[in-house]
Amino acid sequence: MARMAKEKSIYSCSECGASSPKWLGKCPGCGAWNTLVETLAEPGGTGKNRFQSLARSQPVATLSEIEASDVARTPTGIAELDRVLGGGIVEGGVVLIGGDPGIGKSTLLLQALDALARQMKALYVTGEESGAQVALRSRRLGLEASQVRVLAEIQLERILATLESEAPAVCVIDSIQTLYSEQLSSAPGSVAQVRECAAHLTRTAKASGTTVILVGHVTKDGQLAGPRVLEHIVDTVLYFEGDTHSSFRLVRAIKNRFGAVNEIGVFAMTERGLKGVANPSAIFLSTHGEPVPGACVLVTLEGTRPLLVEVQALVDGGGPSPRRLSVGLERDRLAMLLAVLHRHAGIATFDQDVFVNAVGGVRISEPAADLAVMLAIQGSLRARPLPRGFFAFGEVGLAGEVRPAPRGQERLKEAAKLGFSVAVVPQANVPKKPIEGLTIHAVERVEQAIELVRNL
Ligand code: TYD
Ligand code: MG
């Protein structure tokens, strides 16, 4: 049996695609090191592996003659989740939900499956917990009469057989890292196993119309084998964000063949599971009695809803090799901003440690955060707080220019609605009509912005 298993897998190079029957440190094809990964050998025979065929082949058609039908979506009943999914789950769609351990993936999916089970057949495959543990969680969530079917299994072939016999309309695999296929000899969680299992499940989803939701763990830097290698296989990729120590969680769509990307769903973890937060714009602000130095609020707009997020910076005397650390913001971007600050505004930090943090565990990837990060840094350096009700946004370029952020009006209005009163924004984002209660200072360059806040 073991020998048979060996014969089915080969090692192929992730760089050039060359293959070898056994593992080698150096690729025989392109000479690259450590690029051989175990994969399944191409099936030689006929129909032996029915999961190999995606769907029956279709005749070639002219594009204009193909009917453009939108996919039908079934709402999960959890509004914030439906928002990121683009309206609900899609027949035959494959969704990957990634996130740190303990952030709430299993909780959210159990809640969603329970709601879906009221209208369709739902299967929950658990590889991490026993059926009893899942039951315990469902009681805690108050899902006493749940119709969700549960299978505690980690072997891919048995899961595929169950999918065939049960024929659920939706199936959750919790988690993809615990599965293994007996056709590969590598351990569960290895790149080869994760990729192979996901590929099989994807084919099954497409062929049977079952919606498959894969759970994947990622570490803080997204390094671990797993979710990242799956992103191109699946239709939708959602990532959980948020600090496990605070109760708020964000679910962000990174990729979505059936909806918008960068859409976010906001939840609060409560004693009885995750509850959607319908009006989330102010939850990422910390509550200072008085304004503190090194803090600056920005309005970020990823997806359709503006969010106000507080960015904090701490600049402190460093050693011979000062540190630049950022949580929730890109570190390379921080290094760039420090260089711009130095060159264009004369603010030097090369002998200082610089720490930057986005409050609440939210991750900000849009460049519109630049200006707020800079103002927080200079605030910490000068130990002077920005005025009460202050916020800023705008992208900063290497030449020291401040570029407009998309949909500036919406950002300004949201902040005004929440009672913010003073803003520093890019010139091009200044609205034609003044916004009530808001004093807007327009800037075109970094040095101008720094000079402006010094006098506020
Ligand atoms: P979980 O869904 O198990 O995380 P993941 O599957 O992403 O690893 O979430 C576990 C955490 O959530 C755990 O710390 C307990 C907490 N929790 C609640 O606060 N309330 C609840 O109702 C439940 C079910 C879990
Ligand atoms: Mg879990």
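Summary of computed values
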item: Peptides ranked, highest mean first, by Cβ atoms within 10 Å: ranges 152-159, 283-290; result: 152-159, 283-290
item: Contour excess over end-to-end distance, with Cα ends at Ile66 and Ala132 and 0.36 nm allotted per residue; result: 18.9 nm
item: Long-range HN-HN contacts of Val396 with modeled amide H, under 5 Å; result: Asp370, Leu371, Arg403
item: Separation between Cα centres of region 258-331 and region 133-163, rounded to whole Å; result: 34
item: Residues whose placed amide H lies under 5 Å from that of Thr39, excluding near-sequence neighbours; result: Ile10, Tyr11, Ser12
item: Using θ = phi - 60° and Karplus 6.51 cos²θ - 1.76 cosθ + 1.60, couplings along region 298-313 (whole Hz; Gly, Pro as x); result: 10, 9, 9, 9, 10, x, 9, 10, x, 10, 9, 10, 8, 9, 10, 10
item: For the chain, cysteines whose Cβ has no other cysteine Cβ within reach (under 4.7 Å); result: Cys171, Cys197, Cys296
item: Rounded Å value of the spacing that divides the Cα centres of region 375-412 and region 57-112; result: 37
item: Given Lys255/Lys433; Lys121/Lys275; Lys22/Lys105, the pairs whose alpha carbons are separated by over 31 Å; result: Lys255/Lys433; Lys22/Lys105
item: Amide H within-cut-off set for Gly318, under 5 Å, with H built and near neighbours excluded; result: Gln352, Asp353
item: In range of the label at Arg272: residues from region 102-127 whose backbone nitrogen is under 20 Å from the point 7 Å along Cα→Cβ; result: 104-118
item: Peptides ranked, highest mean first, by Cβ atoms within 10 Å: ranges 403-410, 420-427, 127-134; result: 420-427, 403-410, 127-134
item: Arg454-Arg257 pseudo-label distance in nm [points 7 Å out on the Cα-to-Cβ vector]; result: 5.6
item: Residue-by-residue Karplus 3J(HN,Hα) for region 324-329, coefficients 6.51, -1.76, 1.60, Hz, glycine and proline x; result: 10, 10, 9, 10, x, 10
item: Packing-based order for 269-278, 348-357, 102-111, using average beta carbon neighbours within 10 Å, highest first; result: 102-111, 348-357, 269-278
item: Residue-wise HN-Hα coupling along region 387-403, computed from phi with Karplus coefficients 6.51, -1.76, 1.60 (Hz; x: Gly, Pro); result: x, 4, x, 8, 8, 8, 7, x, 8, 10, x, 5, 7, x, 7, 10, 9
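Quick note: the coordinates plus some simple rules give every number you see, no bench work behind them. Note that the structure is predicted; figures quoted are calculated from it, not measured. Cβ coordinates were reconstructed from backbone atoms using ideal geometry, including for glycine residues, and neighbour counts include every protein chain displayed.
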